[in-house]
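J.: Next up is a structure, given as structure tokens.
The values are calculated or read from the model by the stated rules, or taken from the named source; none is laboratory data. Computed from a predicted structure; not experimentally measured. FYI the Cβ positions are ideal-geometry reconstructions off the backbone, even for glycines, and counts take in every protein chain you see.
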Amino acid sequence: MNLENISKQQLFREITELMQPLYFPVPYEENNIQELAQQEYKLFCKVISARYGFDNDKYILAHNGHSLFDIVHDDVICELRSRMRRDSYLLQSETIRWHLVALVRQAVVRAGGCLGTCYKNVGIHHMEYSSADMYEDVPAVVFQSGMVCTAGGYESAMLYDIYLASDDILMCTLDDKYSSEYDIPFDTLLLESMLDIVHWLRFHSFLPDTDEPEWVCEECGSSEVETLAWVNPNEDNSFVDFLGTDDRGNNWCHHCEEHTGLALFADYGSNQSSLGD
Ligand SMILES: [Zn+2]
């Protein structure tokens, strides 16, 4: 059958058969949802064109920029959008991933752009490092290799270097079980591997061993403080907004055991020293 003779209904049906039952966009925001829908639409046009041996580009050239698929465009986008779902767990894990990548990037920048996790090279790649001084706890990582030959596309390897590439992308050098080395973007590692690496960086003092608290009690400086907040009960009690930390009645210090004011940790230290003057 010729694609030019196909009915609008049949074209729409064949396209919907290619769709995933549900989509979980990250981030879940209008621009990204729109972009994802357009990407999928373009992919479907290619698949259907190939199925019918139809040259879409040639058709568009011959028809003043109009595509044969234009008649279903709005319906396809609408159908795709109706299958988009907000997965709050996925969005939370992506936020954690973003924070972990930022921490590792901090450590690498501080180390002069390259940080060895097998050899003790700092600032240069292990291949250019002359000493054989090694760590005893070389981290292993799991990542998506994209190769179909491995189960689920996952692969594991030893981590040798983390470095910033010339285009400022955070990369890592891995050494697999066949002792062959290759480089992949750091953000393709699984979340659990990223956590291990952040812990490793703390063990070896490439990152501070604790994070400073953001908020502390104005009276005693304790970080064991709480403040009242609105949460969304339909989205895993996800945070919506604070009631307001300016109102002491909304805050509680577990050390003072009373309602108290909250201060930013950074300000608290300087206020205390100026009080002492
Ligand atoms: Zn207190």
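J.: Within segment 97-112, is there a residue that is over 30 Å from Thr16 (Cβ atoms), over 21 Å from the mean Cα position of the chain (by Cα) and among the aromatic types (Phe, Trp, Tyr)? Even if it seems obvious, please write down each step before you answer.
T.: Taking segment 97-112 as the starting set, the residues that turn out to be over 30 Å from Thr16 (Cβ atoms) are 97-112.
Among the residues that remain, those that are also over 21 Å from the mean Cα position of the chain (by Cα) are: 110-112.
Next, from what is left, pick out any that are among the aromatic types (Phe, Trp, Tyr): none.
No, that holds for no residue.
J.: Quick one: what pairs do we get from segment 9-22, first residue among the hydroxyl-bearing types (Ser, Thr, Tyr), second at pLDDT 95 or above, C-beta under 8 Å, 6+ apart or different chains?
T.: Final answer for the pair search is Thr16/Val76; Thr16/Glu79.
J.: Sticking with this one: What strands (runs of 3 or more DSSP E) completely inside segment 167-277 contain at least 3 residues that are under 21 Å from His125 (Cβ atoms) and away from the ligand (no atom under 16 Å from the Cβ)? Before the answer, list the steps.
T.: On the way: elements: 170-175, 181-185, 215-217, 225-227, 229-232, 238-242, 251-253, 262-264.
So the answer is 170-175, 181-185.
J.: I need a count of the residues in segment 221-245 that are surrounded by fewer than 14 Cβ atoms within 10 Å (Cβ to Cβ) and touching a residue at least 40 places away in the same chain (Cβ under 8 Å).
T.: Adding up the residues that qualify gives 2.
J.: A further question on this structure: What's the number of the only condition in (1) in contact with a Ser or Thr (Cβ under 9 Å, 6 or more places away or on another chain); (2) under 24 Å from Phe186 (Cβ atoms) that Ile60 fails to meet?
T.: (2)
J.: Just checking, which of Ser156, Ser166 is surrounded by 14 or more Cβ atoms within 10 Å (Cβ to Cβ) and within 23 Å of Leu103 (Cβ to Cβ)?
T.: Working: Ser166 fails: surrounded by 14 or more Cβ atoms within 10 Å (Cβ to Cβ).
The unique qualifying residue is Ser156.
Residues are listed down the side, and each one gets a yes or a no for (1) surrounded by fewer than 15 Cβ atoms within 10 Å (Cβ to Cβ); (2) basic (Lys, Arg); (3) at pLDDT below 95:
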{"position": "Asn5", "(1), (2), (3)": "yes, no, yes"}
{"position": "Gln9", "(1), (2), (3)": "yes, no, no"}
{"position": "Glu14", "(1), (2), (3)": "no, no, no"}
{"position": "Leu18", "(1), (2), (3)": "yes, no, no"}
{"position": "Pro25", "(1), (2), (3)": "no, no, no"}
{"position": "Tyr28", "(1), (2), (3)": "no, no, yes"}
{"position": "Asn31", "(1), (2), (3)": "yes, no, no"}
{"position": "Gln38", "(1), (2), (3)": "yes, no, no"}
{"position": "Tyr41", "(1), (2), (3)": "no, no, no"}
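J.: Scan segment 139-152 and tell me whether some residue there is assigned to a strand (DSSP E or B), more than 19 Å from the chain's Cα centre (by Cα), surrounded by 15 or more Cβ atoms within 10 Å (Cβ to Cβ) and modelled with pLDDT of 95 or more.
T.: At the first step, the residues of segment 139-152 found to be assigned to a strand (DSSP E or B) are 140-144.
Remaining after also requiring more than 19 Å from the chain's Cα centre (by Cα): 140.
Checking which are surrounded by 15 or more Cβ atoms within 10 Å (Cβ to Cβ) leaves us with none.
No, segment 139-152 contains no residue that is assigned to a strand (DSSP E or B), more than 19 Å from the chain's Cα centre (by Cα), surrounded by 15 or more Cβ atoms within 10 Å (Cβ to Cβ) and modelled with pLDDT of 95 or more.
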